[in-house]
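S.K.: Here you go, one structure.
The values are calculated or read from the model by the stated rules, or taken from the named source; none is laboratory data. As the structure is a computational prediction, the values presented were derived from the model and not from experiment. Heads up, the Cβs are rebuilt from the backbone with ideal geometry, glycines too, and the neighbour counts pull from every protein chain shown.
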Amino acid sequence: MEGVTKQKGDEEGWSMVIKPQKSLLDVDLKEIWRYRDLWSLFVKRDLITQYKQTILGPLWYLVQPIMTTIMYMVVFGGIAGISTDGLPQALFYLSGICMWQYFSECLNKTSSTFVSNAGVFGKVYFPRLVVPLSTVTSNLVRFGIQFVLFVIVYLYYIIFTDASVMPNIYALLLPLLVVMLAGLGLGFGILFSSMTTKYRDLTLLLGFFVHLWMYATPVIYPLSVITNEKLRFVMSLNPLTSIMEAFKYGMLGTGSFSWMGLGYSFVFMTVLLIVGIMVFNRVQRSFMDTV
């Protein structure tokens with residue numbers, strides 16, 4: 001039975017009783033914690049299978065951002081001549097790539113939760129939210145490796161060049177910014193995963209949409225290049241804008257920072273997670289009939 005919770009004790013002596021969820025927002029955190037071993041197994045599965053039977057293996061975690069950064073330096077920095085607010089191009093692009101790839105990977109992979117795990121879901125019960133949560137967790141490993149690469153490049157420019165980059169107190173917000181990225185990726189991901197059980201073409205649309213979304217986010221350009229006030233306001237409605245700018249402002253000392261913008265992104269993430277969980281819980285009750 002899908003969409004259920006477990007409770008201990010019963011008048012007939014059962015050790016576990018499976019009952020339907022009482023509401024769409026019924027999330028049993030204690031039950032999810034009891035399945036933490038399964039959570040860790042899913043994390044290991046994601047890490048092992050992603051680059052299984054590849055020559056470079058986990059080195060792809062480094063190859064991808066390095067190659068992407070070089071491409072951005074040639075196309076956007078060299079040919080298009082887009083400003084990087086006076087920052088070294090490699091450092092500017094790499095900072096945006098680290099944050100964006102974590103969000104996009106969380107979104108893309110959690111969006112296929114039901115379709116990719118239908119075989120497991122149809123055989124045994126466990127809290128279905130464990131799967132998307134494990135995806136967000138496994139992507140933290142990738143983010144950590146890429147962030148180390150960013151720090152190495154960062155230290156190179158500080159020690160061996162005269163680049164004016166210096167972190168400030170707002171760099172301490174990094175854990176919060178990562179949590180917000182994870183929440184947004186998880187929220188959008190489980191929302192899309194719920195819809196793709198019936199409408200498979202949304203999977204193709206999502207990949208196209210994520211690519212477009214990156215260009216609507218200050219990843220390859222600073223927000224300061226947007227001089228049109230109306231367009232700047234539209235950009236500020238993107239919940240990722242303030243997160244990207246806060247990261248660059250804290251780590252590189254250049255850009256814009258707004259507590260109001262971060263507050264808006266946090267509220268947006270919270271509402272999105274509530275809506276996503278409600279839709280996710282509703283779909284999981286009967287998704288096996290449509291997958």
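S.K.: Scan the range 90-135 for residues that are modelled with pLDDT under 85, part of a helix (DSSP H, G or I) and within 15 Å of the chain's Cα centre (by Cα) and jot them down.
M.R.: THR113
S.K.: I would also like to ask the following. For ALA182, all conditions in the list (1) more than 14 Å from the chain's Cα centre (by Cα); (2) farther than 19 Å from LEU252 by Cβ hold save one; what is the number of the exception?
M.R.: The failed condition is (1).
S.K.: Output the number of the condition that PHE42 fails; it satisfies all remaining conditions of (1) surrounded by fewer than 18 Cβ atoms within 10 Å (Cβ to Cβ); (2) at pLDDT 80 or above; (3) assigned to a helix (DSSP H, G or I).
M.R.: Looking at each condition in turn, PHE42 falls short on (1).
S.K.: Could you check how many residues of the range 71-89 are without any contact (Cβ under 8 Å) to a residue 12 or more places away in the chain and either aliphatic (A, V, I, L, M) or assigned to a helix (DSSP H, G or I) (or both)?
M.R.: Selection size over the range 71-89: 6.
S.K.: Here is a follow-up. Say whether the condition of being modelled with pLDDT of 90 or more, aromatic (Phe, Trp, Tyr), under 30 Å from VAL131 (Cβ atoms) and buried (at least 22 other Cβ atoms within 10 Å of the Cβ) is met by at least one residue in the range 198-220.
M.R.: No, the range 198-220 has no match at all.
S.K.: Please determine, by comparing only the residues of the range 187-197 that are crowded, with 19+ Cβ neighbours inside 10 Å and more than 15 Å from the chain's Cα centre (by Cα), which one is modelled with the highest pLDDT.
M.R.: In this case the residue turns out to be SER194.
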